[in-house]
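Beneath this line is the structure, given in structure tokens, with notes to follow.
The values are calculated or read from the model by the stated rules, or taken from the named source; none is laboratory data. Source: prediction; values computed, not measured. Neighbour counts are summed over all protein chains in view; Cβ atoms, including those assigned to glycine, are modelled from backbone coordinates with ideal geometry. Just the protein is used for accessible areas: all its heavy atoms, side chains included, with ligands, DNA and RNA removed. Shrake-Rupley method; radii C 1.70, N 1.55, O 1.52, S 1.80 Å.
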Amino acid sequence: MLKMLLDASGGIVVTNDGNAILREIDIAHPAAKSMIELSRTQDEEVGDGTTSVIVLAGEMLHVAEAFIDKHYHPTVICRAYTKALEDALAVLDKIAMHVDVNDRAAMLGLVKSSIGTKFTGQFGDLIADLAIDATTTAGVDLGQGMREVDIKKYIKVEKVPGGQLEDSRVLKGVMFNKDVVAPGKMRRKIVNPRIILLDCPVEYKKGENQTNAELMKEEDWQVLLEMEEEYIKNLCAQILKFKPDLVVTEKGLSDLAIHYLSKAGVSAIRRLRKTDNNRIAKACGAVIVNRPEELQESDVGTRAGLFEVKKIGDEFFTFIVDCKDPKACTVLLRGASKDVLNEVERNLQDAMSVARNILKNPKLLPGGGATELTVSAALKQKSSSVEGVEKWPYEAAALAFEAIPRTLAQNCGLNVIRIMTQLQGKHANGENAWVGIDGRSGDIVDMKERKIWDSYSVKAQTFKTAIEAACMLLRIDDIVSGIKKKQAPGASAPKQPQIEQEGDADNEQMIPE
């Protein structure tokens with residue numbers, strides 16, 4: 001189910017992403033703050049399973065409450081939980097199956113199941129396709145079959161309201177919200193452009209702070225202007241020597257430089273963000289140069305197939321696309337409104353994180369609550385061999401894992417008790433580890449047939465984070481506030497401590513013995 005939040009600035013957030021919801025909530029309770037931290041950590045580490053972490057950690061604390069009431073020592077409960085975590089991870093290793101990263105159908109099934117319960121689940125393969133295309137484009141080989149994908153740096157999500165969601169696509173290159181400097185004079189479409197990227201201003205250097213120049217003769221003023229012109233002319237000549245079609249700089253471009261560049265038929269873009277410039281460099285194979293004097297032929301980007309400026313809605317967007325083997329890309333999202341686009345972007349981030357995790361660690365687990373039920377059944381069987389007082393908390397941890405499939409059943413609108421009993425029956429003997437709930441239809445099915453998968457790294461991280469956090473909170477026996485209480489508005493100032501006089505001693509009431 002989705003939640004609608006009013007954020008601090010009065011905007012609306014509609015989402016069911018655990019981290020996005022908890023990030024907006026204002027909370028005073030210290031234990032609750034540490035729970036919110038869990039979902040943020042999960043989001044940064046693996047990008048998915050933010051809600052599962054909170055549900056599982058909450059359930060672990062809930063089942064521990066009964067033991068705390070019976071005066072079990074928290075250390076004993078934590079020991080049992082840690083043992084349960086080790087055994088749970090061993091079960092995950094046992095039921096995990098390897099996946100071929102180049103098998104697109106398997107990857108698609110996996111990414112789809114991660115967004116199946118989210119808002120974009122209704123659009124079928126659309127978001128999953130975008131996520132896989134983007135991560136495979138921006139992936140870098142580390143050797144030994146490992147790939148690293150930097151989603152934050154090299155995949156830009158550009159949200160443009162208007163159009164339909166189906167118009168969204170991954171560009172084989174980059175786009176950004178800029179127009180050429182002199183629209184009438186410069187070309188807005190160039191095929192196979194030669195691109196030069198600069199990190200310096202192409203204008204006359206100004207003094208550091210107020211610089212005064214005293215001119216004795218009128219001609220000196222003319223000389224000064226000519227020197228400025230000469231300086232800019234030289235700069236432009238050094239750039240034009242390499243016959244570029246497009247010059248992009250992060251800093252300013254003076255009017256004179258624009259004149260020289262447009263005269264030579266070169267398009268120019270100024271004041272671009274550094275991150276965008278880095279993406280262009282990765283996409284078209286150019287090198288960002290700090291001084292025009294140091295330009296070399298190898299610094300010119302030649303891998304782009306097309307440079308084009310298009311108008312979408314009211315704004316101009318620059319596209320540098322059709323690049324050969326780009327190492328950075330832009331995902332162009334279209335949609336009806338800003339709220340829809342924001343939610344689609346959050347879902348896309350989750351989907352890209354899942355695709356990245358699989359490229360990093362190509363192992364799969366069954367989705368739909370099947371993994372948790374298998375872990376729960378295995379731990380229940382093993383609990384009989386646990387000796388001493390730790391046996392009961394260990395068994396309770398096994399039951400806590402069932403919170404995930406139980407929540408899934410609730411969200412499908414099913415009879416929870418009946419469904420859970422059926423699932424427990426199927427998992428009890430440990431024969432079929434792949435039976436779970438289909439989140440859309442609510443049927444009990446084999447996850448392999450429906451292609452409902454989960455990433456191994458997400459599941460393992462969820463279990464570790466949830467149990468370790470539960471243990472940390474259980475070990476707390478007291479909360480001490482180090483903050484002075486703020487005075488309520490309108491309250492009188494605190495009274496000065498009164499010094500007791502000798503005469504006051506007689507007025508005190510005698511305490512009867």
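For this structure, a couple of remarks:
- Checklist (1) on the phi < 0 side of the Ramachandran plot; (2) assigned to a loop (DSSP other than H, G, I, E, B); (3) not aliphatic (A, V, I, L, M) applied to Gly265, failing item: (1)
- Subset tally (residues that are touching a helix residue (DSSP H, G or I) at 6+ places or on another chain (Cβ under 7 Å) and of a type in the set (Asp, Glu)) for the stretch 427-469: 2
- Of all residues in the stretch 413-451 being part of a loop (DSSP other than H, G, I, E, B) and either acidic (Asp, Glu) or touching an Asp or Glu at 6+ places or on another chain (Cβ under 8 Å) (or both), the one that is nearest to Gly58 (Cα to Cα): Asp438
- For Lys263, the requirement of being open to solvent by 30 Å² or more (accessible area, probe 1.4 Å), assigned by the TED database to the domain that holds Thr318 and touching a residue at least 24 places away in the same chain (Cβ under 8 Å) is not met.
- Count of residues meeting criterion [more than 21 Å from Ala398 (Cα to Cα) and assigned to a helix (DSSP H, G or I)] in the stretch 63-121: 14
- Among the residues of the stretch 74-93, those that are charged (D, E, K, R) and more than 15 Å from Gly388 (Cβ to Cβ) comprise Glu86, Asp87, Asp93.
- Gln349 open to solvent by 50 Å² or more (accessible area, probe 1.4 Å) and under 16 Å from the mean Cα position of the chain (by Cα): yes
- The set of residues in the stretch 152-176 that are open to solvent by 70 Å² or more (accessible area, probe 1.4 Å), in contact with a Ser or Thr (Cβ under 8 Å, 6 or more places away or on another chain) and part of a loop (DSSP other than H, G, I, E, B) contains only Lys172.
- Check on Gln238, touching a helix residue (DSSP H, G or I) at 6+ places or on another chain (Cβ under 9 Å), open to solvent by 40 Å² or more (accessible area, probe 1.4 Å), among the polar types (S, T, N, Q) and at pLDDT 85 or above: yes
- Looking across the stretch 317-346, the residues that are assigned to a helix (DSSP H, G or I) and either open to solvent by 10 Å² or more (accessible area, probe 1.4 Å) or not assigned by the TED database to the domain that holds Ile196 (or both) come down to Lys338, Asp339, Val340, Asn342, Glu345, Arg346.
- Annotation: Thr371 fulfils all but one of (1) at pLDDT 85 or above; (2) not in a helix (DSSP H, G or I); the unmet one is (2).
- Hey, Thr302 out of contact with any Pro (no Cβ under 8 Å at 6 or more places or on another chain), surrounded by 18 or more Cβ atoms within 10 Å (Cβ to Cβ) and assigned by the TED database to the domain that holds Asp179 or not: no
- Matching residues in the stretch 1-50 - criterion: being within 23 Å of Leu408 (Cβ to Cβ), open to solvent by 70 Å² or more (accessible area, probe 1.4 Å) and under 16 Å from the mean Cα position of the chain (by Cα): Glu45
- The stretch 451-478, residues that are in contact (Cβ under 8 Å) with a residue 24 or more places away in the chain and either open to solvent by 60 Å² or more (accessible area, probe 1.4 Å) or farther than 26 Å from Arg356 by Cβ (or both): Lys451, Lys464, Glu468, Ala470, Cys471, Met472, Leu473, Leu474, Arg475, Ile476, Asp477
- Residue in the stretch 405-419 that is nearest to the chain's Cα centre (by Cα), counting only those that are more than 20 Å from Lys459 (Cβ to Cβ) and open to solvent by less than 60 Å² (accessible area, probe 1.4 Å): Cys412
- Candidates Glu372, Glu390, Glu402, Glu395 - the one that is without any contact (Cβ under 8 Å) to a residue 24 or more places away in the chain and crowded, with 17+ Cβ neighbours inside 10 Å: Glu395
- Top-ranked residue of the stretch 245-260 - restricted to ones that are among the charged types (D, E, K, R) and over 12 Å from Ile195 (Cα atoms), ranked as least open to solvent (accessible area, probe 1.4 Å): Glu250
- Residues in the stretch 238-292 that are under 19 Å from Lys205 (Cα atoms) and acidic (Asp, Glu) were compared, and the one that is nearest to the chain's Cα centre (by Cα) is Glu250.
- Failed condition for Asp314, given (1) open to solvent by less than 10 Å² (accessible area, probe 1.4 Å); (2) of a type outside the set (A, V, I, L, M, F, W, C); (3) without any contact (Cβ under 8 Å) to a residue 60 or more places away in the chain; (4) within 30 Å of Gln122 (Cα to Cα): (1)
- Any chance Val191 is in the same structural domain as Val340 (by the TED database), open to solvent by 30 Å² or more (accessible area, probe 1.4 Å) and closer than 20 Å to Phe317 by Cβ: yes
- Listed by first and then second residue, the pairs linking a residue in the stretch 123-140 that is closer than 17 Å to Lys360 by Cα to a residue that is small (Gly, Ala, Ser), with Cβ atoms under 6 Å apart and 6 or more places separating them unless they lie on different chains, are Ala131/Ala351; Ala131/Ala355; Ile132/Ala355; Thr135/Ala355; Ala138/Ala328.
- For the stretch 276-299, the tally of residues that are more than 25 Å from Tyr231 (Cβ to Cβ) and open to solvent by less than 70 Å² (accessible area, probe 1.4 Å) stands at 8.
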